[in-house]
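Heads up: the structure comes next, in structure tokens.
The values are calculated or read from the model by the stated rules, or taken from the named source; none is laboratory data. Quick caveat, the model's predicted, so the values are computed rather than measured. Cβ coordinates were reconstructed from backbone atoms using ideal geometry, including for glycine residues, and neighbour counts include every protein chain displayed. Calculation scope for accessible area: heavy atoms of the full protein, side chains included, ligands and nucleic acids excluded. Shrake-Rupley method; radii C 1.70, N 1.55, O 1.52, S 1.80 Å.
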Amino acid sequence: MRQLALLERDGLAVAGAGNVSMRLDSERTLITRSGLRFGSASAADLCVVDAQGVLTSGLPDQELRAGARPSSETQLHLGVYRVTDARAVVHTHGAFCTAVSTVVETLPPVHYSVHRLGGPVGVVGYHTFGSPELADAVATGLAGGARAVLMRNHGAVVTGDSVEQAAEFAQLLEWLCEVYWRACALGTPALLTPEQLAAAADQSGRIAYMAER
């Protein structure tokens, strides 16, 4: 629950907006309930749904909160799992992600750490929240290996190998959007080239390799 509380603390999940899921196996997904305030989340707020998004239970040995129903974006999460190898998905409504989504087609590479998200982050078109159209757009945006997409006038969806990693990537994306916003307030940001991003990714891999030896 710590990751959920941090997302709310950092302004990425405001007034019950935002949702988090984890792939349990090919048939089951764990997802936060609709309207959850992350700062007060408990195990009773986590729903287990089947491959169609139908609520089946809560966590083992844990009674689900009375009246709890899966997030309205359950189909979005399931769509991401169908087209990626992600183990976790985090959907946020951070102010900077949302603001930047309204003015760009792709978040420009203003910092080399964007390589951790698979490169410059694309923006998918606006669709009503909880709709099949939005779920399809996000799945298409992530199908090519990206770790994150921005949703026009809405927020962000970020994937990871664990809830901890996906939450960290969500915080990174919000920071990148803030850096871009602040740079634009000063002038025209200098952008990194594909070659510079590739070199940063290679350097990260090299350092990680050396640390493991």
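Taking only pairs six or more apart or across chains, which ones have beta-carbon atoms under 7 Å, a first residue in segment 181-205 that is within 10 Å of His111 (Cα to Cα), and a second residue that is small (Gly, Ala, Ser) and surrounded by 14 or more Cβ atoms within 10 Å (Cβ to Cβ)?
Partner pairs satisfying both residue conditions: Leu197/Gly119.
Read through the list (1) among the hydrophobic types (A, V, I, L, M, F, W, C); (2) farther than 27 Å from Val83 by Cα; (3) open to solvent by less than 90 Å² (accessible area, probe 1.4 Å); (4) modelled with pLDDT under 95, then give the number of the only condition that Leu192 fails.
With (1) among the hydrophobic types (A, V, I, L, M, F, W, C); (2) farther than 27 Å from Val83 by Cα; (3) open to solvent by less than 90 Å² (accessible area, probe 1.4 Å); (4) modelled with pLDDT under 95 applied to Leu192, the lone miss is (4).
Say whether the condition of being free of Cβ contacts under 8 Å to residues at least 24 places away in the same chain, touching a strand residue (DSSP E or B) at 6+ places or on another chain (Cβ under 8 Å) and either within 12 Å of Leu173 (Cα to Cα) or surrounded by fewer than 20 Cβ atoms within 10 Å (Cβ to Cβ) (or both) is met by at least one residue in segment 107-119.
No.
Of all residues in segment 41-68, count the ones that are modelled with pLDDT of 95 or more and not hydrophobic (A, V, I, L, M, F, W, C).
3
Among residues belonging to segment 120-141 that are part of a helix (DSSP H, G or I) and open to solvent by 40 Å² or more (accessible area, probe 1.4 Å), point out the one that is farthest from Phe38 (Cα to Cα).
It comes out as Thr140.
Output the residues belonging to segment 29-65 that are in contact (Cβ under 8 Å) with a residue 40 or more places away in the chain and closer than 14 Å to Gly16 by Cβ.
Ala41
When you scan segment 2-47, how many residues do you find that are at negative phi and either assigned to a helix (DSSP H, G or I) or open to solvent by 50 Å² or more (accessible area, probe 1.4 Å) (or both)? Quick ask: steps written out before the conclusion?
Initially, segment 2-47 is screened for residues at negative phi, giving 2-10, 12-14, 17, 19-34, 36-47.
Narrowing the set further to residues that are either assigned to a helix (DSSP H, G or I) or open to solvent by 50 Å² or more (accessible area, probe 1.4 Å) (or both) leaves 2-10, 14, 22, 24-28, 33, 37-40, 43-45.
The qualifying residues number 24.
Given the criteria among the aromatic types (Phe, Trp, Tyr) and over 20 Å from Arg152 (Cα atoms), does Tyr81 qualify?
yes
Is it true that Val90 is surrounded by 20 or more Cβ atoms within 10 Å (Cβ to Cβ), β-branched (Val, Ile, Thr) and within 27 Å of Ala198 (Cβ to Cβ)? Spell out the reasoning first.
Numbers: surrounded by 20 or more Cβ atoms within 10 Å (Cβ to Cβ): yes; β-branched (Val, Ile, Thr): yes; within 27 Å of Ala198 (Cβ to Cβ): yes.
Judged against the criteria, Val90 is a match.
Of the conditions (1) in contact with a Ser or Thr (Cβ under 8 Å, 6 or more places away or on another chain); (2) part of a helix (DSSP H, G or I); (3) surrounded by fewer than 18 Cβ atoms within 10 Å (Cβ to Cβ); (4) not aromatic (Phe, Trp, Tyr), Leu172 fails just one. Which one is it?
Single failed check for Leu172: (3).
Which residues, counting only those in segment 49-98, are more than 21 Å from Gly118 (Cα to Cα) and not in a loop (DSSP other than H, G, I, E, B)?
Of everything in segment 49-98, those that are more than 21 Å from Gly118 (Cα to Cα) and not in a loop (DSSP other than H, G, I, E, B) turn out to be Val49, Leu55, Thr56, Ser57, Pro70, Thr74, Gln75, Ala95.
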